[in-house]
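Only the coordinates and a few stated rules stand behind these numbers; no lab work does. Because the structure is a prediction, the values reported are computed rather than measured. Cβ: placed from backbone, ideal geometry, glycine included. Neighbour counts: every protein chain shown.
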Amino acid sequence: MPSRQHPTDLKTKDLPTMRSTYSKPINATWARRLSTLAAVALLKNVRPHKGTILVLSRRLCVKYGDRVDLSEASAMHFIAQHTSIPVPKVHCAFTHCDTTYIVMEHIDGEMIARGWVFRSDESKIKIHSQLREFIREMRRIPPPGSGVANVDGGSLFDPRISVPTWRFGPFTSIQAFHEFLHDGLRPGVPTCPWESMILSLNTTGLGRRLLSLTEISAA
């Protein structure tokens, strides 16, 4: 399968990068760094893991790995500061030897998808209502910066986008972002019917920028 071709008029910074260089460490004192590295080394084979998250205690966990990015910590910090949405408190975040560590509050619970089919209609309606209000609250916040980027103005992350490292952008405009999504196809260029449909959907009424999450998508 051919690799993704980027539009020729995109800026250098629109190309995918390994990490979001715009995002900075949070509360990364030498003492916090040292204690985090020591805790991971001592407990990674003892304490339970949930994906890339190592549960350190009932109230503390650390997410770490070479695919973890400081922009994740920035996003949680931003949402906590500007909304009432309950997100884990970030205690510190830093990168060491190409591995990023985010120490945060551990909130015990289960993924919504687990047992969803066994929930009552009333329970499902309550969850949908709560999520709807969270999204509305988030989208009432004017997106920081300009163009299409993460909250720090850096690259975006979405494993569904076929690019190396899963990171791409930032983009100087919504138009540049959409051109990236449809591989640089432009109106007027001979295309097959499905490509013409994609172009029509992505070039008609580009709309305004909204603060959002990659996890929010049509089912």
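Observations, loosely collected:
- Spin-label pair Trp30/Glu133, simplified geometry with 7 Å Cα→Cβ offset, distance in nm: 4.7 nm
- In this structure, the residue pairs whose Cα-Cα separation is over 29 Å, taken from Lys24/Lys44; Lys89/Lys124; Lys44/Lys124, are Lys44/Lys124.
- Leu210-Leu42 FRET efficiency (beta carbon distance; Förster radius 35 Å; 0.05 resolution): 0.25
- Translational D in µm²/s for region 30-105 (Stokes-Einstein at 37 °C, 0.692 mPa s, Kirkwood Rh from C-alpha pairs): 258 µm²/s
- Spin-label proximity, Ile107 to region 38-59 - amide N less than 20 Å from point 7 Å beyond Cα toward beta carbon: 49-59
- Remark: region 14-161 projects, on average over all directions, an area of 10.8 nm² (convex hull of Cα atoms).
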